[in-house]
1. Any idea how far apart residue B:214 and residue B:49 come out in nm if each label point goes 7 Å out from Cα toward Cβ?
2. May I ask for the percentage of alpha-carbon pairs in chain A that lie more than 32 Å from each other?
3. Restricted to Cα positions, what overall size does region A:42-105 have along the principal axes? Three whole-Å values, descending.
4. Would you compute the Debye intensity of region B:17-93 from its alpha-carbon atoms alone, equal scatterers and no solvent, and pass along log10 I(q)/I(0) at q = 0.20, 0.23, 0.25, 0.27 Å⁻¹ to two decimals?
5. Could you work out the Kirkwood radius for region A:139-258, taking every pair of different alpha carbons, averaging 1/r and inverting it, reported in Å?
6. Among B:208, B:225, B:106, which one shows the biggest mean-square fluctuation in a GNM of chain B, springs joining Cα atoms closer than 10 Å?
7. Can you put B:229, A:16 in order, fewest other beta carbons within 10 Å first?
8. If you build the convex hull over the alpha carbons only and average its shadow over all orientations, what do you get for chain B? Give it in nm² to one decimal.
Amino acid sequence: MRALYTAATGMMAQELNVQVISNNIANMRTTGYKRQRAEFQDLLYEHVKRIGTQTSDQGNILPVGVDLGSGVKTVGTPRLMSQGTLSPTGSPLDLAIRGDGFFKIQLPDGTYSYTRDGSFQMDAQGRIVTVQGSVVQPGITIPQNSTGLTINSQGQVSVVPQGQTTPTVLGQLTLTRFINNAGLLSVGDNMFTETPASGTPQDGLPNTDGAGDIQQGNLESANVEAVSEISDLIAAQRAYEMNGKVITAADQMLQSTANMMR
Amino acid sequence: MSNSALVGLSRQVALGRELDVVANNIANMNTTGFKADGSIFEEYLSPTARTPADSKISFVRDRGTWHDMTQGPTQHTGNPLDVAIDGKGFLVVQTPRGERYTRNGSLQIGPTGNLMTADGFPIVGDSGPITLQPTDRQISIAEDGTVSVREGTSTADTQRGKLRVVSFDDAQRMRLTKDGSGTFAAPAGVTPQPETNVRVIQGAVEKSNVRGVVEITRMIEITRSYTQLSAMLQQQSDMRTNAIGKLADVPA
């Protein structure tokens, strides 16, 4: 009985759906987290009687066919790259991007990764780094004992050096854009890396060419909405149960067939 | 075997197929743009089988499956690349096997900027594929399917194309076959008409139109009739066993 296997694909799909939803809920308070959604499609159909085939030599054709589907498959878990709300923190090195773009981070192995999580720190050399200690591009070093660290919406980093009264600009942070943000590969630590699907990174300056601007003293919250996640969770759980019921029904039918033989 | 057993068997085979259809509907309860299937049965009069009183015997045969094309509920997602179609239309997808039609409007951007489905087939616009530029932002899709963006720092809208929304007339729509991956294929010689009487809703997707209650009720009905038939066949068998036993019982 095919229904057993069809329902099994349904249960597997809903299990994956719950997994995606639980990861979203687990990351509700993760800075710069972007929610994922499981996308499903129906599987192949067996055309037991194909529509439009001839039923007689007079040219009569079947107006309806018998198409038996074989269940559901998962096609992807795309990320929704919508803007998260900004929450003020007051820390001068907490940066949020308002609009499109990612901070470019150089990993210890020399490769680059991209993040929306702007909770940066300063390392022993005075460089702006992530919480893991990777350098935020283009690598701006803040001189010791300087005061008044300001990062404006264009990403210009300026400080008042020791013994002076006028601020000097140390450099400008870059933002990287991708044509297909949803095609980036998530590598954990709130980081993404480039893939063939994301397109090549387009480095640019904040507030130019479609890139967003930078808000100092703010962090971007996750774009997870608790209400919609919970209602999705309920829907997924009920769908899982109903698929389970189909398996029970198919089993019952097989059982009654088996019982016919004494 | 007697005719009654064969009639019962024909119904059980049909019920087995019907449960397959229900199982597929329930498996696709959360599939975007999925349309539920139903089964149609017909009476099949055997040209040769006759009862002793010479009346015809009718069997059950599954004649076809039909697609329930009613509108599914619209779920708001907030994703600018999600579109739901309010009305009878379909989006057109270019696949290697030819044009396919879908109600699944969760669009993606490909590496070259083309709008495509989640499995990587381009969505057809009124004038070829719809391509976005790397500097595009604020994608908006109007109710008639026009895709416009703000390019770079510009504050004026630039059009990038228009989603092709097509429809079939009622007779043609009945002959669409499901082609997997949420798409429908049109039979040879059937070309869809451009549809203007639809509304493209951005930031929402059309959920599956499978109604859980209906499917579960159908499933209960299927299992109950299947069990009843089994019981009936069992009684037939018992009856025959008894008859053989009693008739062949030679008194000593």
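No lab work stands behind these numbers, since they all come straight from the coordinates. Predicted, not measured: the structure shown is a model, and the values here were computed from it. Cβ sites come from the backbone with ideal geometry, for glycine too, and all protein chains shown count toward neighbours.
1. 3.2
2. When all Cα pairs of chain A are counted, 45 percent exceed 32 Å.
3. Result, largest extent first: 82, 22, 20 Å.
4. With no solvent term, the Cα-only Debye profile gives -0.97, -1.11, -1.19, -1.26.
5. 19.7
6. Top of the fluctuation ranking is B:225.
7. A:16, B:229
8. 19.2
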